[in-house]
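*Asks:* Pasting a structure here, questions to come.
The values are calculated or read from the model by the stated rules, or taken from the named source; none is laboratory data. As the structure is a computational prediction, the values presented were derived from the model and not from experiment. Here the Cβ positions follow ideal geometry from the backbone for every residue, glycine too, while neighbour counts run over all protein chains shown. All accessible areas refer to the heavy atoms of the entire protein, side chains included, with ligands and DNA or RNA removed. Shrake-Rupley method; radii C 1.70, N 1.55, O 1.52, S 1.80 Å.
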Amino acid sequence: MKKILLILLFFLGQNVFCQEYHFDRIIQYKYLSSSFTGIQVITICFDSKDLSHYIMSRTWGEELDTYFFDTKNQIYHRYKTYDINKSNIPEYWYSFKTNDSTKTARLNELCTSISLDQTEVDNTSSKLLLTEYKNDKKKKILYQIEVIAKPYDIAVLGLITKALESHFLFCEKIKISQKGLPTSLKMFSGSNIKNEITLIKESTTHFNFTVNQKEIKIKD
């Protein structure tokens, strides 16, 4: 895990033709899934003063995929480290333009077939159970996501759950406090757990991430 953090700190470099972004929080999870063997480590970095950009990295054996998301400019950049045991230098791969307004509109269409229940586990955490049904009649369940979250000083609940599952868990019509930090996330397909994610580390940090404007290659 220390090697993963060292790789992320590579982005302290090169300021020529670069746009610089600051980060001050690191959150780390272990990820188990029925679709692959072994344990993945997911690291999320963000700036507590500006949540419009964040980093998400994910291990795949000895490889590390790193994504820098710039939601303000609706673009993300992907980097690749092929052997985290031999190299601390991630290679820029490509960039991709996003359209969050289109995604939000599509999500709000799906909201008619989604329900969210919240219960208090104890004085320090709450449980969110999101259920997606086959249609708005809400008779056949497609899947469920259970999130255990503890109070947090920054409104990152939606950001982190989206990064962990690449899924917008919260529709605009669902009003819920975003000041929570997921400590556990389970995705169920039927009665079986498909994915299980557990918090292993949270800490403060201070580093800058730079994007070289000259090397950006937009992928169609």
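*Asks:* Check cross-link reach from Lys139 to the aspartates and glutamates: straight Cα distance under 19 Å, and skip same-chain residues fewer than eight apart.
*Replies:* Here the aspartates and glutamates satisfying the reach criterion relative to Lys139 are Glu109, Asp117.
*Asks:* Starting from the Cα of Ser177, move 7 Å in the Cα-to-Cβ direction to define the label point; list residues of the stretch 117-149 whose amide nitrogen is under 18 Å from there.
*Replies:* Answer for the stretch 117-149: 117-129, 147-149.
*Asks:* Under 8 Å for C-alpha pairs, at least 6 residues apart: give me the relative contact order for the stretch 12-99, rounded to a whole percent.
*Replies:* After rounding, I find 17 percent.
*Asks:* So if R0 is 25 Å, what FRET efficiency would Ile89 and Ser48 give, r being the distance between their Cβ atoms, rounded to the nearest 0.05?
*Replies:* Here the calculated transfer efficiency is 0.35.
*Asks:* To make sure I understand the rule: partners must be lysines, Cα under 16 Å from the Cα of Lys179, and not fewer than 8 residues away in the same chain. Which ones qualify?
*Replies:* Lys49, Lys127, Lys150, Lys162
*Asks:* In this model, which of Lys140/Lys194; Lys97/Lys140; Lys97/Lys186; Lys175/Lys219; Lys138/Lys194; Lys97/Lys175 are farther than 24 Å apart at the alpha-carbon?
*Replies:* As for pairs spanning more than 24 Å Cα to Cα, those are Lys97/Lys140; Lys97/Lys186; Lys175/Lys219; Lys97/Lys175.
*Asks:* Using 0.36 nm per residue of separation minus the Cα-Cα distance, give me the extension gain between Gln118 and Glu63 in nm, one decimal.
*Replies:* Extra length available between Gln118 and Glu63 comes to 16.1 nm.
*Asks:* Also, quick follow-up: Probe of 1.4 angstrom, ligands and nucleic acids ignored: what's the accessible area per residue over the stretch 123-162, in square angstrom?
*Replies:* Ligands and nucleic acids excluded, the result is 52 Å² per residue.
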